[in-house]
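Novice: Mind having a look at this structure? Questions to follow.
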Amino acid sequence: MYLKLAASALLAMGPSAYASVDEPLELSGSVRTRYEALSGQPRTTFKDGDQWISIRSSFLAKYDAGDGLRFAAQLTDSRAYLADRRSAISTNEVNTFEFTEAYVAKDYREPFGRDSLLTLRAGRMSLDVGSRRLVAAEDYRNTSNSVTGVKADVKLGSRYTGTAFYTFPQTRLPDDLTSVLNNDTQWDLESSAVVLYGASVQSPHRLFGGALEATMVEFRERDAPGRPTRDRALRTLDLRTFRDASAGHWDWEVELASQDGRARTTTIATAPMREVAASFAHGRVGYEWDLRWKPRLALEYDWVSGEGRGGESHRFDTLLGMRRSDFAPSGLYNLVGRANISSPGLRFEAAPSPRLDLMATFRGLWLADRRDAFSTIGIKDSTGRSGSFAGTQVDTRARYWLVPAVLRFEFDGVVLFKGRFLEEAPNARHNGDARFLSLNLQVMF
């Protein structure tokens, strides 16, 4: 029924859904339907085998008022079906009938001299910063991250680009399990109790033809009525150099981040406050052959600190960062994230035709700290006797445009071959390797 209604709406809009290049109003959108299934669930709090269907509908309107003044609003509806009370479902999958963007923007040309540009934006918006490992507008996940605040983008010719922002992240509502399962609607919440701000500066072609980038992100939260927090106050400093992939050339990326501040051990108001000193490192080197189907092979490595021992906490907090590009799908799988992990990997990519692109990765998964929980799934051996090898992950993806620029199919398949840690840790499940399947169909208009 839902798909029939969405299709009827698209047909009813007809040609008016597409704006002419001379018209100030631009309308666009998409509807994505996804089936996901998982067996061998390693987390004891959820059932062994699970499946659900998620649907994300997004409608975007942009209006150009002239003289660099623009308005935009995006309405997003994210729903899930077939899940139950033992499913790993949350507001990561469900956030119905919500304005994920509603902002006004203004361009100022040459405010800092020739070829410079300043863009100011205020309101509710999606936000991508730097590598997107700290702040990202999620795309693979069924719901996205939105913030409310102000953002400034600066371009100084071909020498520097920069971004500065002061925002209040949205709390997706309703967030109780019953409401999520019922796909209930409640407007999201932002308040001064949770603040995210920072800046990023990039300079292209500064190191062997690669860009240099420096980012600082501050995250602060405090308790609000009915919403206890860990009172996190975290500052993350990030340095990155990278060169994008191109045919016949080597590409690379090296990113180092240091995080300090404080946070309570739990959301209980009397829980101890601990100092934080955490970090992560990401490295990649790859090569793309100058062939018609664009084969590319890359060696990757990710290391993210775990809890550690002593009075400080060394567990890294990825804030609003993405995970799909580095590790594996979120959604029902959601087993590997940017926390307490040491993971070398090999990645293969190819585009045999303009319609088809392929990706496969092979990763080894170790714990950076064998006494802390593995990654983000809560399986832990505080004695360290279960070792540090969590397993081997094979992740595959294929995307094909059934109708170019209009209708795309995507397949995702992942197998996590569990290692000693995921088999022997005190709260591990003995239910075989984890296997994940995702089938996606997205229409764009």
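Throughout, read-outs are computed from the coordinates displayed, never taken from laboratory work. The structure displayed is predicted, hence computed values, not measured ones. Positions of Cβ are generated from backbone atoms using ideal geometry, with glycine treated the same way; all protein chains shown enter the neighbour counts.
Novice: How high is the relative contact order of the chain, in percent, with contacts defined as C-alpha pairs under 8 Å that are six or more residues apart? Before the final figure, lay out each step's value.
Specialist: Working: 1219 pairs, mean separation 53.2, N = 445.
In percent, rounded to a whole number, it is 12.
Novice: Length gain on complete extension for the stretch V201 to H249, per 0.36 nm per residue less the alpha carbon to alpha carbon distance? Spell out each step's value before the answer.
Specialist: On the way: separation 48, 0.36 × 48 = 17.28 nm, distance 2.53 nm.
Fully extending the segment from V201 to H249 adds 14.8 nm.
Novice: How high is the relative contact order of the range 15-161, in percent, counting Cα pairs under 8 Å that sit 6 or more residues apart?
Specialist: 17
Novice: Let me ask you something else. Taking the Cα centre of the range 32-444 as origin and charging only Cβ (+1 Lys, Arg; -1 Asp, Glu), how large is the dipole, in debye to the nearest 20?
Specialist: For the range 32-444, the charge dipole is close to 260 debye.
Novice: Which of W52, L127, P344 sits farthest toward the positive end of the charge dipole of the range 32-444, with +1 on the Cβ of Lys and Arg and -1 on the Cβ of Asp and Glu?
Specialist: Projecting each Cα onto the dipole axis, the largest value belongs to P344.
Novice: If I model a spin label at F348 and D231 as a point 7 Å from the Cα along the Cα→Cβ vector, what separation in nanometres do I get?
Specialist: Output for this residue pair reads 5.3 nm.
Novice: Using a Förster distance of 41 Å, how high is the FRET efficiency between R220 and W293, based on the Cβ-Cβ distance and rounded to 0.05?
Specialist: So the FRET efficiency works out to roughly 0.30.
Novice: Please give the direction-averaged projected area of the C-alpha convex hull for the range 282-395, in square nanometres with one decimal.
Specialist: Reported value for the Cα convex hull: 8.3 nm².
Novice: Using alpha-carbon positions, what is the distance between the centroids of the range 56-124 and the range 147-225, in Å?
Specialist: 12
Novice: May I ask you to derive the FRET efficiency for Q51 and S116 from their Cβ-Cβ distance with R0 = 56 Å, giving the value to the nearest 0.05? Provide the component values of the computation, followed by the final result.
Specialist: Values: r = 52 Å, r/R0 = 0.93.
Efficiency, from the Cβ-Cβ distance: 0.60.
Novice: Return W187, W250 ranked ascending by Cβ neighbour count within 10 Å, so the fewest neighbours appear first.
Specialist: Numbers: W187 10, W250 15.
Arranged by neighbour count, lowest to highest, W187, W250 become W187, W250.
Novice: Then there's this: Project the alpha carbons of the range 384-445 onto their principal axes and report the range along each, largest first, in whole Å.
Specialist: Per principal axis, max minus min of the Cα coordinates gives 54, 16, 15 Å.
Novice: Suppose the chain between Y35 and K155 were pulled fully straight at 0.36 nm per residue; how much longer would it get relative to their current alpha carbon spacing? Walk me through the numbers on the way to the answer.
Specialist: Values: separation 120, 0.36 × 120 = 43.20 nm, distance 4.14 nm.
Result for the pair: 39.1 nm of gain on full extension.
Novice: Here's something else I'd like to know. Taking the radius of gyration and the Kirkwood hydrodynamic radius from Cα positions alone, what is the Rg/Rh ratio for the chain, to two decimal places?
Specialist: Radius of gyration over Kirkwood radius for the chain works out to 0.95.
Novice: Using 1/(1 + (r/R0)^6) with R0 = 60 angstrom and r between the beta carbons of H430 and F71, what's the FRET efficiency to the nearest 0.05?
Specialist: 0.60
Novice: Also, quick follow-up: From the convex hull of the Cα coordinates of the range 156-237, what is the mean projected area in square nanometres? Display every interim value, and only then the final one.
Specialist: On the way: hull surface 33.0 nm².
Here the figure is 8.3 nm², rounded to one decimal.
Novice: Tell me the label-point distance for the pair W401, L441, using the 7 Å Cα-to-Cβ offset, in nm and rounded to one decimal.
Specialist: Once both label points are built, they end up 2.0 nm from each other.
Novice: Sort V394, V304 by Cβ crowding within 10 Å, fewest neighbours at the top.
Specialist: V394, V304
Novice: Based only on other Cβ atoms within 10 Å, what is the fewest-to-most ordering of T361, T270?
Specialist: T270, T361
Novice: Once the range 150-204 is represented by equal point scatterers at the alpha-carbon sites, with solvent omitted, what log10 I(q)/I(0) does the Debye formula produce at q = 0.19, 0.29 Å⁻¹?
Specialist: -0.73, -1.05
Novice: Right, here's the next one. In the chain, how many lysine pairs have Cα atoms under 16 Å apart, counting only pairs 8 or more places apart or on different chains? Before the final figure, lay out each step's value.
Specialist: On the way: K62/K106; K106/K151; K106/K155; K380/K418.
Lysine pairs meeting the criterion: 4.
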